[in-house]
1. Non-local amide H neighbours of residue 208 (under 5 Å, H modeled in plane, Pro and chain starts lacking H): which ones?
2. Under the definition of Cα pairs under 8 Å and six or more residues apart, what whole-number percent is the relative contact order of segment 332-412?
3. Less than 19 Å apart at the alpha-carbon level, and either on another chain or at least 8 residues along: which lysines does that give for residue 410?
4. Placing +1 at every Lys and Arg Cβ and -1 at every Asp and Glu Cβ, with all other atoms neutral, what dipole size does the chain have around its Cα centre, in debye to the nearest 20?
5. What is the ratio of the Cα radius of gyration of the chain to 2.2 N^0.38 Å, where N is its residue count, to two decimals?
6. As a test of reading the structure, rank 154, 376, 213 by solvent-accessible area (1.4 Å probe, protein chains only), most first.
7. So if I take the centroid of the Cα atoms in segment 1-62 and the same for segment 159-193, what is the distance between those two points in Å?
8. Taking a ≥ b ≥ c as the square roots of the Cα gyration tensor eigenvalues, with a/c under 1.5 meaning rounded and otherwise prolate when a/b beats b/c, else oblate, which class fits segment 239-282?
Amino acid sequence: MATDKVIEGPVVIIGTGQAGFQTAASLRIEGFEGDIFMFGDEPGLPYQRPPLSKAFFKDGSADRLLFRNQDFFEKNNINIKDNCSVKSIDRHQKQVLLDDGAAISYEHLVLATGTRNRELPIAGSDLKNVLVLRTLADANHIRKTAKADQRVVMIGGGFIGLELASVLRDFGCEVAVIEAESRPMARAVSEQISTYFVDAHTKSGIKIHCSSMVSQILGDNEAEGVKLSDGTEIGADLVFICAGVVPNSEIASEAGLKTNNGILVDDLLLSNDPSISAIGDCASFVHKNSGVLVRLESVQNAADQAKCVAKRLTGNPQAYNAVPWFWSDQGGKKLQIAGLTGNADQLICHEDEENGKISVFAFENAQFVGVEAVNMATNYVISRKILETGKPVTLSDFEASDFDLREVLKKIG
Ligand SMILES: Cc1cc2nc3c(=O)[nH]c(=O)nc-3n(C[C@H](O)[C@H](O)[C@H](O)COP(=O)(O)OP(=O)(O)OC[C@H]3O[C@@H](n4cnc5c(N)ncnc54)[C@H](O)[C@@H]3O)c2cc1C
């Protein structure tokens, strides 16, 4: 199924987010001279999402979010169309069908359709002052709507919910976070890191309710609060739904591509059609080192997968094998994660309580698989380098060096 044939074009990219933008940019870096067409259903040029739940609330500078300005696309001969939704894929004709009825031919198609916010099937979700955050438009709406003295309820204590909670708390809002799991960020970080952030957010005045389900958003026209499944009512002027995302994989499955929590791709990031790749938040793949089927929602994954596809399309195919990394900024604390820590069976925690720093080293079958570090950039950076060597490193190696990571790296390097 895999091909190392050099593509002449056109390459069509659906989605103008991190992965779509990087694919086009990397194709030109790799010397691709054929036509590139990008279609995105949001208005404007491709932009970075991470600041939307961080600095953007304060500075509101949309220009600073752009990956590149219009000049870049013109100079690199990248045809980009915004406000344009791709409705379907005709694999037989090798064409995509746009919402204005146009059919665009491709030699290779890259699906970089990302995710959308999960909708909650609870009464009141459609009330005024119930907000979500995924796009620049959402972030602008939040900036216009939020007032410093408001009571805010955040439904969902994942990364985005907690980042936004801390930004709004800094702004002067009274914030409560309602989390269904027994701890926030439960799907993504260890218990130690969850506990660390619960303490930090609680100290800043945010109220975190775990193991709590919202059964209803209260109010007639505007949201006035939420009702929990145990009957507790919490008043609110603004309610945010930050309950995770679902992959935009419908146009792929309707075209007969295989999906499983995202568009299924092989180690070259090809779908079950050798003329169609899928990358970024919308793609599910078996992570090489762990053997686990994952769909990663991170800048690193979107950008590195795009580079990998650009290399393949220009005749340099390589199996995707990048070490995942991620960051989150919450209330002045920087969490950095390298590797996949979800299946770890042993966690070694080093905490400097006085200075608010913590690192959790994760091991699976005694093999080092990742680190979660808060305000400990060196531990994160060196751990990532250790993982990037691809060499097996065990807990004993760490213990033999008394957790001196530079020494561990030197020994295997
Ligand atoms: C508020 C926020 C904060 C974040 N913070 C961090 C962070 O701190 N660190 C980190 O690593 N990651 C963070 N992320 C995640 C990161 O931004 C995503 O992983 C990354 O944007 C994924 O890029 P993508 O191109 O795969 O998808 P997206 O950025 O979602 O882009 C996909 C685009 O395709 C469009 N599209 C979908 N279907 C179609 C169609 N049929 N036709 C046309 N267009 C279509 C979508 O509307 C969207 O514009 C954050 C995300 C958000 C929302």
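The values are calculated or read from the model by the stated rules, or taken from the named source; none is laboratory data. Keep in mind that this is a model prediction, so the values were computed, not measured. Using ideal geometry, Cβ is built from the backbone for each residue, glycine included, and neighbour counts are taken over all protein chains shown. Please note that ligands, DNA and RNA were not included when accessible areas were found on the heavy atoms of the full protein model with its side chains. Shrake-Rupley method; radii C 1.70, N 1.55, O 1.52, S 1.80 Å.
1. 177
2. 26
3. Partners found: 385, 391.
4. 580
5. Values: Rg = 22.3 Å, N = 413, 2.2 N^0.38 = 21.7 Å.
Rg over 2.2 N^0.38 Å, computed on Cα atoms: 1.03.
6. My answer, sorted largest first, is 213, 376, 154.
7. Each part's Cα centre sits 30 Å from the other's.
8. Numbers: a/c = 3.45, a/b = 2.14, b/c = 1.61.
In terms of gyration-tensor shape, prolate.
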